[in-house]
Amino acid sequence: MAGAPPAARRCRLRPVEWPKAWTCGPPEQPFTLADAHVAMQLHREHDCDRKHAAFDALVAAGRIHPDSARRHRLWGKPW
């Protein structure tokens with residue numbers, strides 16, 4: 001990348017591996033942080049078990065924080 005333009009040298013995009021089969025069910029094993037981010041992006045329009053598991057993984061890792069100002073329950077769980 002030495003001969004690449006400055007913008008290309010700064011870019012750190014990684015290819016996203018798309019799932020082999022689409023599922024909204026819970027994951028078979030706990031998500032890694034990278035997998036949780038991808039799951040949240042792919043399931044952003046869904047209210048499904050896979051999105052809930054990804055959200056929980058990101059909360060546990062401190063990557064996102066539930067909005068404490070909201071008084072309602074998020075996905076049936078009190079926060």
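Only the coordinates and a few stated rules stand behind these numbers; no lab work does. Bear in mind the structure is a predicted one, so any value in this text is a computation, not a measurement. Don't worry about glycine lacking a Cβ; one is built from the backbone with ideal geometry, like all the others, and counts go over all protein chains shown.
At-a-glance table
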read-out	value
Gln29 paired with Ile64, simple spin-label distance in nm, labels 7 Å along Cα-to-beta-carbon	2.3
Kirkwood Rh and Cα Rg combined as Rg over Rh, evaluated for the range 26-69	0.95
